[in-house]
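Report on the structure given below.
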């Protein structure tokens, strides 16, 4: 079992709910399909995804786990019918074959060392045979992406390490290999964050740089640019969801053997 260092909770992710047009939500609901029963979100933050899924699918029994104590307290305060538990993704406090579905969004890249493989093994353990895993995973080490290029050029390639605690830089094939080695059969792949989405994401993290804030560069022109990029990135994700080339995010659906 990986030794997890003391957890820093610098900000809370996942307030309120997710808009019905959200790309990750649409892919997750498609992956869940008509399947009922228990569903678990691993790394749920303050619960916005599992809360939205539960509202859209009242036939499901929703559960959420997170490593952050404040996140779990905030999620529980919503009184949304979701059962929240403080837990690490590498040590889930559930019996074997408890859930029909497990979802996770932007989680594996935050787990150090061999933790992602251990988390996938834990998810396989708590899923019933034939149960579904749906995961959104950034692949910022994927050749041909802006993240990969910036890393190679040493031009801010560590932005998401410093400001987002992304300690893994997956390549797509190594991610798929890890999923399969945990006992899953990959049944569907969708893609997002192509060129415009990556540009929007990179600028979001550039805006957290001290020099950016010191020079007061986040004024109206920058805000207008970001609004335009958000809209363009959404359309890009909608049109190119089956195009893997240049995509930095994988929406992966797999079935436990």
Next on the checklist: Within segment 141-155, does at least one residue satisfy the condition of being under 30 Å from residue 255 (Cα atoms), in contact with a helix residue (DSSP H, G or I) (Cβ under 6 Å, 6 or more places away or on another chain) and surrounded by fewer than 18 Cβ atoms within 10 Å (Cβ to Cβ)?
Outcome noted: no
Checklist entry - residue 211 fails exactly one of the following numbered conditions: (1) touching a strand residue (DSSP E or B) at 6+ places or on another chain (Cβ under 9 Å); (2) not in a loop (DSSP other than H, G, I, E, B). What is the number of that condition? => result (1)
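This table checks each residue for (1) under 17 Å from residue 102 (Cβ atoms); (2) touching a residue at least 60 places away in the same chain (Cβ under 8 Å); (3) crowded, with 16+ Cβ neighbours inside 10 Å.
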position	(1), (2), (3)
37	yes, yes, no
41	yes, yes, yes
45	yes, no, yes
49	yes, no, yes
60	yes, no, yes
70	no, yes, no
Item to check | Residues of segment 112-138 classified as out of contact with any strand residue (DSSP E or B) (no Cβ under 6 Å at 6 or more places or on another chain) and surrounded by 20 or more Cβ atoms within 10 Å (Cβ to Cβ), total | outcome: 5
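So how many residues does segment 239-256 have that are assigned to a loop (DSSP other than H, G, I, E, B), surrounded by 13 or more Cβ atoms within 10 Å (Cβ to Cβ) and on the phi < 0 side of the Ramachandran plot? Full working, then the answer.
First, pick out the residues of segment 239-256 that are assigned to a loop (DSSP other than H, G, I, E, B): 240-248.
Next, from what is left, pick out any that are surrounded by 13 or more Cβ atoms within 10 Å (Cβ to Cβ): 240-241, 243-244, 246-248.
With the extra rule that they be on the phi < 0 side of the Ramachandran plot, the set shrinks to 240-241, 243-244, 247-248.
Adding up the residues that qualify gives 6.
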Checklist entry - Looking at segment 204-257, which of its residues are under 30 Å from residue 185 (Cα atoms) and either modelled with pLDDT under 95 or more than 23 Å from the chain's Cα centre (by Cα) (or both)? => result 257
Checklist outcome for this item: The number of residues in segment 146-179 that are touching a residue at least 60 places away in the same chain (Cβ under 8 Å) and over 18 Å from the mean Cα position of the chain (by Cα) is 1
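Residues in segment 184-195: is at least one surrounded by fewer than 18 Cβ atoms within 10 Å (Cβ to Cβ) and part of a loop (DSSP other than H, G, I, E, B)? Spell out how you get there, then give the answer.
The initial filter retains those residues of segment 184-195 that are surrounded by fewer than 18 Cβ atoms within 10 Å (Cβ to Cβ), namely 185-189, 195.
Filter once more, keeping what is part of a loop (DSSP other than H, G, I, E, B): none.
No, the conditions are met nowhere in segment 184-195.
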Next on the checklist: I'm told residue 216 meets every condition in (1) outside any helix (DSSP H, G or I); (2) under 30 Å from residue 117 (Cβ atoms) except one. Can you identify the failing condition by its number?
Outcome noted: (2)
Next on the checklist: If I go through segment 216-238 residue by residue, how many of them are touching a residue at least 40 places away in the same chain (Cβ under 8 Å) and surrounded by fewer than 16 Cβ atoms within 10 Å (Cβ to Cβ)?
Outcome noted: 1
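Would you mind listing the strands (runs of 3 or more DSSP E) fully within segment 4-88 where at least 1 residues are within 17 Å of the chain's Cα centre (by Cα) and more than 22 Å from residue 193 (Cα to Cα)? Step through it out loud before you land on a result.
Values: elements: 37-42, 60-66, 83-86.
It comes to 37-42, 60-66.
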Checklist outcome for this item: When residue 140 is run through (1) assigned to a loop (DSSP other than H, G, I, E, B); (2) more than 16 Å from the chain's Cα centre (by Cα), the failure sits at (2)
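Given the criteria in contact with a strand residue (DSSP E or B) (Cβ under 6 Å, 6 or more places away or on another chain) and either surrounded by fewer than 19 Cβ atoms within 10 Å (Cβ to Cβ) or part of a helix (DSSP H, G or I) (or both), does residue 161 qualify?
On the way: in contact with a strand residue (DSSP E or B) (Cβ under 6 Å, 6 or more places away or on another chain): no; either surrounded by fewer than 19 Cβ atoms within 10 Å (Cβ to Cβ) or part of a helix (DSSP H, G or I) (or both): yes.
Spelling it out, it is not the case that residue 161 is in contact with a strand residue (DSSP E or B) (Cβ under 6 Å, 6 or more places away or on another chain) and either surrounded by fewer than 19 Cβ atoms within 10 Å (Cβ to Cβ) or part of a helix (DSSP H, G or I) (or both).
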Checklist entry - Mind checking which residues of segment 91-106 are farther than 11 Å from residue 125 by Cβ and buried (at least 23 other Cβ atoms within 10 Å of the Cβ)? => result 101, 103, 104, 105
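The values are calculated or read from the model by the stated rules, or taken from the named source; none is laboratory data. Everything numeric in this text was worked out from a predicted model, so none of it was measured. Cβ sites come from the backbone with ideal geometry, for glycine too, and all protein chains shown count toward neighbours.
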